[in-house]
């Protein structure tokens, strides 16, 4: 009897449960009903609602099947084992609450117990983010009249979580409740559940209480803490406390933060120059109000620390950071996109500006925010300007500004340093904004003691592919900078002291350089420089020996013209210079003290690729007057020079190192005069002209060297060649006709040297005059002048030299040789300096009193000029037959 009743009850239970399951969209694998125990066992229950899933391994229900599936179910208790749930967005749980059949079962159950459950909570819409897992879940529910009391214990990655709340049976919501958790390891917490801090151990609790049974307002109270160690007495690294209400009209919470991370709140915060907050901590009070219009934040005062903004899209943009930000009376509305504050103080902000990237990023920026900040104080600002040519760093700037929707106004920044030689900047002006991005600027910039290496991106000269440009020196700037229509333009002045430029063995130095410029900028048009002035400059060129002229290769074409590296730089940058004026300069070849040109002055007008430049270079070369005057086109496709070059009665000693490097004996006496005249030929690409070279009383070292290059070049050694070419007055005059095409036969020192060697070869075969060497008659030492280190000639020395002058006035055929005699163990550098200075004093004394340099012949001392007595200059009068 009992068995048949059990079978009948089992059959009815299956029919009722499966019918109910089908109507409720619930899958049930197995149904077992115990008639005597009034117990219903369900296995493998699967419920799906959109993306949510609820799987139950085993469920024991104390109720008859008819009581479970009817319109008014009555269930004594429900025991669930093996719960596996996946829920998305807790705020969307109303999807379950609106399910009438499931809610009817829940409301009819007096007691519910869940054992060994697991809940996966997806806290955002992105399923790519892993869920928050609540494991070891234990849940109990007890009916208390119209209320349901629920208690939950669980763990997150082993950290305990406990909760208790009262909920109305009709699903209207919780009346009260609390939840707490201890030491959740933040490094293992899912990104979707990020509460702010990224490391440490998270603890906290929250309580909520409905004001009355009919009210929709719920009071909230809670706290979050992060500890660096998993210990009860560990110091809190950060803490967030809140108290407020939640109602149908919105959320209103007062919070108190201690070093709490804000990066989880970045959706409520403005993006700055296409950068979003990714890290910051807050110390202070904050009122958060949220409703259907959006979120609003306000705070009387507080401090943000370790602020970092990262690019929203373009990863090539750099992060911005602020070490500390103090604010007063802050108000922010994320719906209206307004940000207001009475004052901000920024400490050690680090920002970068990349014009070539920022303009594109600004065009992608979302809807802009409206700012109104009366005062922004700035301490220790570091700005990195990333330009195409390199970076410029401005460090430790202090000052203030104001911020509004139209831009940054009243900018006043200056370097904080007080060190005398440290870089100093001063910036004033304003930066305009429109539609949330950088639109315009008008700035006045002054700088002093700026290392030139820091300004390398602004300097037109960059070097070449084969050799970089070395810079040294300090600069001062006064610049007006404007930004409009995506273009930066600069006007102003710059100066530099102790400047050094070095490239591939070339060095150019100046004690002071000043320039005025403008407009220059990023528009890609002409970069305009009004003037470039230099004082006490010095150019040192590398020593390049003369290439050999070989008779078998006499018809070879010269090497085609190569444009100078600095000319390529100026052309590439579209630079144009109105005036270049360098005064009090020197030009050396090889060593710094190997002067070829002294007291040099260079004037150049209109340096441009479009037209030739007027150029004048004057100075003293070997004591003789040197002048270059003409039209020069260094920036043209083919470098050209039309004009004249002259040298008058120079001593040849400046050529000594070059001649030795080229294999020649050193010159020890003589005078050189030269003239070069070049003009245009039948077309602009062609030139013609001539060069004149005059050597007088030229004397080389009294030795024939084995490697004398003139033997292979012309068939005679240098000394014999001079004797062969001299006329009866000991003069050598050489004329070189010149013509060619600028591109194929450039008129440079190398090619002029080759032409001279060709001419010498021809003259050696057919000498100018074949005669015995001229004899010097009546050679007498008139006086001896001691060596001087500094100062002028003594009165006695001037009297003795006037006697020499008198004889030379009376006999114009007389010439004077100045023969140094040295003493000591060797002819050292110090002795040479004294000899050169003394020769200069004597020559200047005679020349200023009417004796032509053509009649004065200083001599370089040699080993045979060692004196037995005191070192001196022998003043000797000669007459040439």
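Only the coordinates and a few stated rules stand behind these numbers; no lab work does. Treat the numbers as computed from the prediction; the structure is a model and nothing was measured. Every residue, glycine as well, gets a Cβ built from its backbone with ideal geometry; the counts of neighbours run over all protein chains shown.
A few comments on the model shown:
- The chain: translational diffusion in µm²/s, Stokes-Einstein, Kirkwood Rh over Cα pairs, 37 °C, 0.692 mPa s: 89
- Relative contact order %, the stretch 370-521, counting alpha carbon pairs below 8 Å whose residues are six or more apart: 15
- Computed P(r) (all Cα pairs; the stretch 797-846; 5 Å bins; percent): 4, 17, 24, 21, 14, 11, 7, 3, 0
- Calculated FRET efficiency for the pair residue 243/residue 44, C-beta based, R₀ 45 Å, to 0.05: 0.50
- Computed over the alpha carbons of the stretch 220-299, Rg followed by Dmax gives 14.5, 43 Å.
- For 659, 147, order by how many other beta-carbon atoms lie within 10 Å, fewest first: 147, 659
- Considering the stretch 597-667, its Cα convex hull presents a mean projected area of 5.8 nm².
- Relative intensity, log₁₀ I(q)/I(0), of the stretch 709-761 from a Debye sum that treats every alpha carbon as a point, q = 0.21 Å⁻¹: -0.84
- Between residue 37 and residue 862, full extension at 0.36 nm per residue minus the direct alpha carbon distance yields a gain of 283.7 nm.
- Modelled label reach - residue 388, point 7 Å along Cα→Cβ, the stretch 507-522 residues with backbone N closer than 14 Å: 521-522
- Here the relative contact order of the stretch 776-880, from alpha carbon pairs under 8 Å that lie six or more residues apart, stands at 55 percent.
- Rounded tilt (10° steps) of 829-847 against the dominant C-alpha axis of the chain: 60
- In units of the compact-protein estimate 2.2 N^0.38 Å, the stretch 776-880 shows a Cα radius of gyration of 1.03.
- For the chain, calculated [θ]222 nm from helices alone, where every DSSP H run of n ≥ 4 adds -39500 (n - 2.57): -4500 deg cm²/dmol
- Sorted by Cβ density within 10 Å, fewest first, the residues 151, 418: 418, 151
- Sorted largest first, the principal axis extents computed over the alpha-carbon atoms of the stretch 632-728 equal 47, 27, 23 Å.
- Helix 2-23 and the longest principal axis of the C-alpha atoms of the chain enclose an angle of approximately 40°.
- Value of D in µm² per second that Stokes-Einstein yields for the stretch 432-481, Kirkwood Rh from Cα pairs, at 25 °C (0.890 mPa s): 181
- Sorted fewest first by neighbouring Cβ atoms within 10 angstrom, 121, 346 come out as 121, 346.
- Coordinate range along principal axes, alpha carbons of the stretch 262-455, Å, largest first: 57, 34, 27
- Contact order for the chain, expressed relative to its length and based on alpha carbon pairs under 8 Å spaced 6+ residues apart, stands at 4 percent.
- Cα long-axis angle, helix 795-810 against the chain (0 to 90 degrees, to the nearest 10): 60
- Cα gyration tensor, the stretch 410-503 - rounded (a/c under 1.5), prolate or oblate: oblate
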